[in-house]
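The values are calculated or read from the model by the stated rules, or taken from the named source; none is laboratory data. Every value quoted in this text rests on a predicted model; they were computed, and no experiment measured them. Glycine also receives a Cβ, built like all others from the backbone with ideal geometry; neighbour counts cover every protein chain displayed. Keep in mind that these areas ignore ligands, DNA and RNA; they rest on the heavy atoms of the full protein, side chains included. Shrake-Rupley method; radii C 1.70, N 1.55, O 1.52, S 1.80 Å.
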Amino acid sequence: MDKTLAVIGAGTMGSGIAHVSALHGYRVLMIDAQEGAVHRARQAISKRLTREVDKGSMTSLDADAVMERLVEADWPDASQAFMAIEAVLEIVDVKKEVFQRLDSLLPDGAILATNTSSLSITEIATITKRPAYVLGMHFFNPAPVMKLIEIVRGEETGDDAVQQAQAYARSIGKETVVVEKDTPGFVVNRVLMPLFIEAMRIYEEGIASKDDIDKAVKLGLNHPMGPLTLADLTGLDVDLHVMDYMYDEFHDDRFAAPLVLRRLVRAGRLGRKTGKGFYDYD
Ligand code: 3HC
């Protein structure tokens, strides 16, 4: 298999996808429109690798090799890639622009994947001349750790693309599920958003403190994190965006964002990435 992969977007998800791919031997072309974004992402990955070296779970030679495989790249370099994974802003027009560009650069038969957490794969694929090779690959945060990738079929996604995406996922140590129908929120966010919403409503109604809501779900359901902590980790702005999108699509109150979430986002408390969300972080 050709081992060069392009990852577009060097935010939390893009850098996590680049990290885990480089760890498993892929040369990753990291592309981001924002000046300095790839540099910052590489620095953050390097810090994590240093921690692994300090813990003794990786040699410094291996860490250096991973960093060498993470290449800051420009758009034309994407022509070397067998697959591109896009993790840019969750705005359909921005994603379409990226896909149009990738379509003109990547070889025929190369896969164009989007890490969208809810948007329509079918709609994104319409801008390309290869809808059979466009699909969703939804990673979970933190991408280097979380085992699952949801593989999402658009209306025209072909079996060959799904199989290639599954092979790539296996090669980086992930499990996959195939989402057969392109529907908002796929499987995981369809389940997760109502959980977030209910936890936030319980908090709004003063039924329990935020610590106790999280503790209840952690210890009562054996989740690794409580839902309010997890909502901070995924990003409150991202959560709100996903809920609003699902609400608009389904017209269903199950996905109606609680006011407390909207208030926090308006106040710039976006969760871990800002240091403030439901909780304060150092
Ligand atoms: N990058 C790389 N590695 C990371 C990491 C990151 N950002 N964060 C944690 N890790 C690694 C640590 O290095 C550690 O590795 P080790 O076992 O080899 O020492 C391991 O993960 C465990 O980390 P910690 O010891 O720091 O902490 P925890 O044991 O509490 O685990 C957690 C942290 C993995 C985040 C765990 O709490 C967890 O699984 N939480 C739930 C996360 C989750 O549900 N994510 C899905 C969100 S939904 C989503 O992303 C969809 C979107 O569309 C909204």
- Just how much of Glu52 is accessible, in Å², when a 1.4 Å probe is used and the result is rounded to the nearest 10? 60
- Could you sort Glu249, Glu155 by accessible area so the largest value comes first, with the probe set to 1.4 Å? Glu155, Glu249
- Choice from Leu259, Leu135, Leu195 with maximal GNM fluctuation in the chain (Cα, 10 Å cutoff): Leu259
- Query: Near the amide H of Glu86, under 5 Å away, which other amide H atoms are found, from residues 5 or more places off or on another chain, if H is placed in the peptide plane?
  - Reply: Ile8, Ala113, Thr114, Asn115
- Item | Calculated P(r) of the chain - Cα pairs past 36 Å, % | 16
- Query: Taking 0.36 nm per residue of separation and subtracting the Cα-Cα distance, what length does fully extending Ser171 through Tyr279 add?
  - Reply: 35.2 nm
- Note on the structure: The extension gain from Asp108 to Val53, computed as 0.36 nm times the residue separation minus the Cα-Cα distance, is 15.8 nm
- Message: I'd like the accessible area for Ser57, computed on protein heavy atoms only with a 1.4 Å probe and all protein chains in place. Round to 10 Å², please.
- Response: 80
- Query: Protein chains only, probe 1.4 Å: how do Leu49, Leu230 rank by accessible area, largest first?
  - Reply: Leu230, Leu49
- For the Cα atoms of the chain, what angle does the longest principal axis make with the long axis of helix 236-250, in degrees from 0 to 90, nearest 10? 90
- Message: Could you compute the net charge surrounding Thr12? Neighbours are other residues with a C-beta less than 13 Å from the C-beta of Thr12; K and R count +1, D and E count -1.
- Response: 0
- Task: Name the most mobile residue of Ala165, Ala18, Ala73, meaning the one with the largest mean-square fluctuation, in a Gaussian network model of the chain with Cα contacts below 10 Å.
- Result: Ala73
- Query: Dipole of the chain, Cα-centred, from +1 at each Lys and Arg C-beta and -1 at each Asp and Glu C-beta, to the nearest 20 debye?
  - Reply: 700
- In the P(r) worked out for the range 189-268, what percent of Cα pairs fall beyond 16 Å? 47
- For Lys47, tell me the accessible area in Å² from a 1.4 Å probe, rounded to the nearest 10. 140
- Anisotropy class of the range 165-205 from Cα gyration tensor, a/c 1.5 cut: oblate
- Message: Pairs of alpha-carbon atoms within less than 8 angstrom and 6+ residues apart define the contacts here; what relative contact order does the chain have, in percent?
- Response: 13
